[in-house]
Amino acid sequence: MERSPVEFDQKFSGAAGDFPALLRGKGLLAPAPANSLSQAGTPPKAWQPTEATTILAFKFSGGVLVAGDRRATAGNTVVYDRADKVLEIDRQSIMAIAGVPATAWEMARVLEHSFQYFRRTQLQEMSVDGKVRALSKLLRDNFGFVMQGVGIVVPIFATYDFHPKPEARLYFYDAMGAQFEVTDYAATGSGSPAVRGILYYENNWGTKRLHELGEDEAVSIALRALDTAAESDTSTGGVDRSGKIYPLIKIVSREGIVTLPESKIAAVFKETVA
Amino acid sequence: MIEEPYRWVEAIANRREYIEAQLAPGSPIAALGYRDGILFLTMSQTRQKIFEIYDRIAMGAIGHPGDIERLRMAAIESASTEGFTRSATDVSLRRLVHYSLSPVMKAAFEQVYGAPYLARMLFAEIGERPEEDLFVRVEYDGEIATNGATYAQARQDFAALSGTQQSRDLMEAFLATQHGPEADLETTFNSALDAWSIGHMTLQTSDAKEQPERTAVAKHREEQLAIAGIEAALLERDAGRAIRYRLLSDKELRPLLRD
């Protein structure tokens, strides 16, 4: 018998909200590859995780600030200097990525569709814990690729939670999918050690603690941190003074997500960094 | 039974009669395109009847909740998969209805040993301008009616869905004279509510051919507002954001009421 063009799934339970499962069922999302280390006979290959970028996020008085440099590299070559690594997933969630762009952008796309698919089918917004877990699951599913030396992604996830207590929330992940909620700041990518140092210093001995900063002060610290990272890390673009290319900065707050206009970032840069 | 063709025709006719009777008490839904979007409106006491399908597509339905749910899921699944593999702009209501929903509903309706879908649906897709708004009604037998596809008839900026054809005809006749695409939200909301009242009143009378009296409509509207909630949703024309669907709460709408 000929099959109808739309297969109506009869199992409408809670599992119906799982968009990656739907994609896999239709053969539109690659299944996780077998882990190369588990294959008998082949010695484990030494692999070097490459997360050539710098992403940072911290809580300040107006929500969470997420900033990322714009450089994309392949080995020692700069391939692109206007990459967007700070991606909006829904009206109040941001995923910022360090790692292999192809995998990361696909992951962001799956995540974005997952949240919307859940809301549309289940007629309620996915909880923050649910969203955090959804990203964790994608990372876990991708781990086979990571072990093969391709496709590592180490993201930061920032969102605004309305329940039970309205507050901005910030998470970082490892490549296997473990999630860690942070109270103050997070950084990922090859330039992150320098950034972590700066944010730790600022938070403890700066003029103000990070969560007390105003917007301009927060932007200033983000720019200084990225510029510092770029100083020693070739994979981080920092601020391109001659090309006038600035990092991408987005702010998550109760009102949603704001992408800071380049003119504003340029003004703060000129005044406090350059 | 179905080896004999005339028996099959008879079975289909019976089934049609049965479904029509089941759908007849369904509370009407009006969808009106206006300057800033498309407004979906109905009054309900219990279950939700207006749903988000995709970025620019919404749906209203009457019928059996189980069947509505299955069709709704299928529509969301199909639109989401398309939007993911290609892009959100490639998701089109025309294709969703013509290639996915209608054939399935027709097949279910004509296979007399299986159960048909007890549902009648109204879809709308928001365009960049009011002239590009698309309204599509899909019947339980897979029949499709759109607001502009029949070339003999002038394009309409609205669509109605109701339990009986007579009720729907009267709603459409009312909207044809009362509603235009240049209206604002407040005017559109009041027209939609009046259209709903006309549709709801004429569900109960068996042979209403004429529009009910203005005062009778106002009275009916008043009575219903006291006992039922306004269920409404907007597809916003605002091109600044991808997702255009927004639920409007009863509390948000009541201040816009006009006599």
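Restricting attention to the range A:222-245, which residues are in contact (Cβ under 8 Å) with a residue 24 or more places away in the chain and either of a type in the set (Val, Ile, Thr) or not in a helix (DSSP H, G or I) (or both)?
Just the residues of the range A:222-245 that are in contact (Cβ under 8 Å) with a residue 24 or more places away in the chain, to begin with: A:222-241, A:243, A:245.
Result: A:228, A:233, A:234, A:235, A:236, A:237, A:238, A:239, A:240, A:241, A:243, A:245.
One line per residue, one yes/no per condition, for (1) within 14 Å of another protein chain (Cβ to nearest Cβ); (2) modelled with pLDDT of 70 or more:
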{"position": "A:6", "(1), (2)": "yes, no"}
{"position": "A:12", "(1), (2)": "yes, no"}
{"position": "A:28", "(1), (2)": "yes, yes"}
{"position": "A:56", "(1), (2)": "no, yes"}
{"position": "A:62", "(1), (2)": "no, yes"}
{"position": "A:75", "(1), (2)": "no, yes"}
{"position": "A:79", "(1), (2)": "no, yes"}
{"position": "A:82", "(1), (2)": "no, yes"}
Of (1) under 16 Å from the mean Cα position of the chain (by Cα); (2) away from chain A (no Cβ under 13 Å); (3) not in a loop (DSSP other than H, G, I, E, B), residue B:89 satisfies all except one. Which?
(1)
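Could you go through the range B:110-120 and let me know if any residue there is more than 23 Å from residue B:195 (Cα to Cα) and in a helix (DSSP H, G or I).
yes
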Going by the conditions given, is residue A:243 surrounded by 16 or more Cβ atoms within 10 Å (Cβ to Cβ) and either in contact with a strand residue (DSSP E or B) (Cβ under 6 Å, 6 or more places away or on another chain) or among the small types (Gly, Ala, Ser) (or both)?
no
Is there a residue being of a type in the set (Lys, Arg), surrounded by 17 or more Cβ atoms within 10 Å (Cβ to Cβ) and closer than 30 Å to residue B:115 by Cα anywhere in the range B:157-175?
yes
Taking only pairs six or more apart or across chains, which ones have beta-carbon atoms under 7 Å, a first residue in the range A:131-142 that is closer than 13 Å to residue A:118 by Cβ, and a second residue that is among the small types (Gly, Ala, Ser) and part of a helix (DSSP H, G or I)?
A:134/A:114
Which one of these does residue B:98 not meet: (1) buried (at least 22 other Cβ atoms within 10 Å of the Cβ); (2) closer than 24 Å to residue B:156 by Cβ; (3) within 12 Å of chain A (Cβ to nearest Cβ)?
(1)
Just give me the residues in the range A:228-240 being on the phi < 0 side of the Ramachandran plot and either in contact with a strand residue (DSSP E or B) (Cβ under 6 Å, 6 or more places away or on another chain) or surrounded by 21 or more Cβ atoms within 10 Å (Cβ to Cβ) (or both), in sequence order.
A:229, A:230, A:233, A:235, A:236, A:237, A:239
Might you check whether a residue that is in a loop (DSSP other than H, G, I, E, B), more than 14 Å from chain A (Cβ to nearest Cβ) and surrounded by fewer than 22 Cβ atoms within 10 Å (Cβ to Cβ) occurs anywhere in the range B:128-135?
yes
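The values are calculated or read from the model by the stated rules, or taken from the named source; none is laboratory data. Treat the numbers as computed from the prediction; the structure is a model and nothing was measured. Reconstructed Cβ throughout: ideal geometry from the backbone, glycine too, with neighbour counts over all protein chains shown.
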